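What follows is a single structure, written as structure tokens, with notes after it.
The values are calculated or read from the model by the stated rules, or taken from the named source; none is laboratory data. On a predicted model such as this, the values are computed, not experimentally measured, just so you know. Glycine gets a Cβ as well: all are built from the backbone with ideal geometry, and neighbour counts include every protein chain shown.
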Amino acid sequence: MVDLFLDRVLVENNWDQDELNTEREIIGIIENRVLMLFFASAECVKCQEFLPVLNDFFKKLKDPAYIEYPKLLALIYISLDQSEAQQERVLKELHKKVLFLAFEDPYRTELQAKFKVKDVPTVVVIRPDGSILSPNAVQDICRFGCDCFRNWQESAELIERSFMLNEEFENLNMRSATDPVRRLKYKTEDDKRKKRWWNLLGKGKDESQEEEEKDGTRNGKRKEGDKVTGRRR
């Protein structure tokens, strides 16, 4: 997913419109996130109606008071406007943490073709691995609101890295918002690991039993030999 914007310039929708143009900056702001690509234009009536809904949706999901880990979501506005002034009109309505491509960047139309965007507004939702989670989530956002993101998190098996604990500390009580997802993600591996340990323990037990049986057999033979020797005497 990060590869989509490497060697590109993303601009932050803040007062200074800071440019992110290094590989480190791009990776730092969109890696390990659910990525939303918002295709729209200022002249589209449906886009104007959807803008407040999307803005409220994104605002809540970037608010630590509303959701525990807001950094797991990124939104990039892909303008299909006919002028830079129109693009600015849309950006004024959007959250300051939204990213966007500069109006003169032809990559905007390449992305439109890549994701087969024919109608606006369109919100393409992409997993951290680059696969498409939803080709257009506009209706889901309008209908389900922030519950969409929880479903996307689970589907993407998104992990808050600061809570990826070492296996030796399984008994710690620290839990993240994505803990149930993480436990599901690693359940298979945990089962395999436990199975291997049980097999090893079981094998050790069997070997011990075999050794005991062998020792018992040897002792039995020795006692029989002693008896035979005693008789001969």
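Looking at region 22-34, which of the residues that are in contact with a Phe, Trp or Tyr (Cβ under 9 Å, 6 or more places away or on another chain) and within 20 Å of residue 134 (Cβ to Cβ) is surrounded by the most Cβ atoms within 10 Å (Cβ to Cβ)? The residue in question is 34.
Under 7 Å by Cβ, and 6 or more places apart or on different chains, what pairs join a residue from region 17-38 that is without any contact (Cβ under 8 Å) to a residue 40 or more places away in the chain with one that is in a helix (DSSP H, G or I)? Final answer for the pair search is 26/2; 26/5; 27/2.
For region 95-102, the count of residues that are more than 24 Å from the chain's Cα centre (by Cα) and either within 13 Å of residue 33 (Cβ to Cβ) or surrounded by 16 or more Cβ atoms within 10 Å (Cβ to Cβ) (or both) is nonzero.
Any idea which residue in region 35-63 is surrounded by the most Cβ atoms within 10 Å (Cβ to Cβ), counting only those that are out of contact with any helix residue (DSSP H, G or I) (no Cβ under 7 Å at 6 or more places or on another chain) and farther than 14 Å from residue 80 by Cα? Within region 35-63, the match that is surrounded by the most Cβ atoms within 10 Å (Cβ to Cβ) is 36. Do we find a residue being of a type outside the set (A, V, I, L, M, F, W, C), over 27 Å from residue 153 (Cβ atoms) and in a helix (DSSP H, G or I) anywhere in region 92-103? Yes, region 92-103 contains a residue that is of a type outside the set (A, V, I, L, M, F, W, C), over 27 Å from residue 153 (Cβ atoms) and in a helix (DSSP H, G or I). Only one of the numbered conditions (1) touching an Asp or Glu at 6+ places or on another chain (Cβ under 8 Å); (2) modelled with pLDDT of 95 or more is not met by residue 96, and that is (2). For residue 66, the conditions (1) under 21 Å from the mean Cα position of the chain (by Cα); (2) surrounded by fewer than 12 Cβ atoms within 10 Å (Cβ to Cβ); (3) not in a loop (DSSP other than H, G, I, E, B) all hold with the exception of (3).
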